[in-house]
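Below you'll find the structure, written out as structure tokens, and then a few comments.
The values are calculated or read from the model by the stated rules, or taken from the named source; none is laboratory data. Keep in mind the model is a prediction, meaning the values are calculated, not measured. Cβ coordinates were reconstructed from backbone atoms using ideal geometry, including for glycine residues, and neighbour counts include every protein chain displayed. Each accessible area value is taken on the protein alone, full model and side chains, heavy atoms only, with ligands, DNA and RNA left out. Shrake-Rupley method; radii C 1.70, N 1.55, O 1.52, S 1.80 Å.
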Amino acid sequence: MRIGVLGSGGMADALGGRWVAAGHEVVIGGRSRERSEALAARIGAVAGSPEDAVAFGDAVLLAVPAAVAAQVLGHAPGRVVVDCTNSVVPGRFVLDEPRAAARLAAASGADVVKAFNLCHVDVWRRPSLVFEGRPLGVPLCGDSADALAVVRELARSIGCVPVDAGPLARAELLEATTAFAIGLWVGGADVRAMFPTDV
Ligand SMILES: NC(=O)c1ccc[n+]([C@@H]2O[C@H](COP(=O)([O-])OP(=O)(O)OC[C@H]3O[C@@H](n4cnc5c(N)ncnc54)[C@H](OP(=O)(O)O)[C@@H]3O)[C@@H](O)[C@H]2O)c1
């Protein structure tokens, strides 16, 4: 597949790198051409402008802070947009903006799929995405069947299992779950122990 990436930070690096390694063509379109070129050279992608990334291919990964996501994406009618942003307020672990993904879809006209937001960037950098003998599950929330099919394939291509998690209206639950888990984890709780498998 052909994937445009908005952003050249940690998530752009980790997911963009995995997709290149899986055989996809990736264009890095961060706001800084210099940083986009450096990242593209490191992971085997191509650098472009943010506009190039939005226009390129089958899907666009939006990997910028949630507060600027709609502005960075702009008008992108019909584009398949993978929204991995979390509008978590640092230190308070609440959401800055309710219904962020649905608002993003309404503002941009894009077919937004919330995905890849649940795990820390270091998880996406791991050599293997198999944990406790099982491939990592990736919950997806979206309204477009075609867009969901594209993002399911993006997840499968890096060894994950896509998990259909409902329409885009449920994306805020996915973000809230992330905020909740991060808050507990930062407080020292064993978050993994809350979901036993032997029941
Ligand atoms: N880090 C995680 O563990 C993690 C996990 C899941 C989801 N997420 C979400 O993924 C998104 C990206 O996180 P990250 O860890 O990749 O952050 P990051 O390493 O700080 O990278 C953020 C990227 O956004 C760009 N950016 C910042 N402000 C911008 C603006 N006003 N206009 C255009 N571009 C701007 C930055 O550009 P410059 O380099 O030019 O500053 C950088 O390329 C966030 O929404 C975050 O909530 C993060």
Would you pick out the residues in the stretch 15-49 that are within 11 Å of the ligand (Cβ to nearest atom), crowded, with 21+ Cβ neighbours inside 10 Å and either within 13 Å of the chain's Cα centre (by Cα) or not hydroxyl-bearing (Ser, Thr, Tyr) (or both)? 15, 16, 28, 29, 30, 39
Pull out all pairs, ordered by first then second residue, where Cβ-Cβ is under 8 Å, the residues are six or more apart or on different chains, the first lies in the stretch 10-35 and is farther than 19 Å from residue 155 by Cα, and the second is open to solvent by 40 Å² or more (accessible area, probe 1.4 Å) and of a type in the set (A, V, I, L, M, F, W, C). 31/72
Do we find a residue being under 15 Å from the mean Cα position of the chain (by Cα) and part of a loop (DSSP other than H, G, I, E, B) anywhere in the stretch 177-184? no
Residue set 81, 112, 121; condition under 17 Å from residue 12 (Cβ atoms) and surrounded by 20 or more Cβ atoms within 10 Å (Cβ to Cβ); output residue 81
Does residue 126 count as modelled with pLDDT under 95, basic (Lys, Arg), more than 14 Å from the chain's Cα centre (by Cα) and open to solvent by 30 Å² or more (accessible area, probe 1.4 Å)? no
So, in the stretch 50-69, how many residues would count as being within 13 Å of the ligand (Cβ to nearest atom), surrounded by fewer than 21 Cβ atoms within 10 Å (Cβ to Cβ) and either within 15 Å of residue 107 (Cα to Cα) or modelled with pLDDT under 95 (or both)? 2
Can you find, within the stretch 70-81, the residue that is nearest to residue 107 (Cα to Cα) among those that are in contact with a helix residue (DSSP H, G or I) (Cβ under 6 Å, 6 or more places away or on another chain) and within 14 Å of the ligand (Cβ to nearest atom)? 70
Among the numbered criteria (1) under 12 Å from the mean Cα position of the chain (by Cα); (2) surrounded by 16 or more Cβ atoms within 10 Å (Cβ to Cβ), which single criterion is violated by residue 88? (1)
Is one or more of the residues making up the stretch 159-167 more than 21 Å from residue 62 (Cα to Cα) and either surrounded by fewer than 20 Cβ atoms within 10 Å (Cβ to Cβ) or touching a residue at least 60 places away in the same chain (Cβ under 8 Å) (or both)? no
Taking only pairs six or more apart or across chains, which ones have beta-carbon atoms under 8 Å, a first residue in the stretch 186-198 that is within 18 Å of residue 88 (Cβ to Cβ), and a second residue that is open to solvent by 90 Å² or more (accessible area, probe 1.4 Å) and outside any loop (DSSP other than H, G, I, E, B)? 191/185
Flag if residue 146 is in contact with a strand residue (DSSP E or B) (Cβ under 8 Å, 6 or more places away or on another chain) and loosely packed, with under 13 Cβ neighbours inside 10 Å: yes
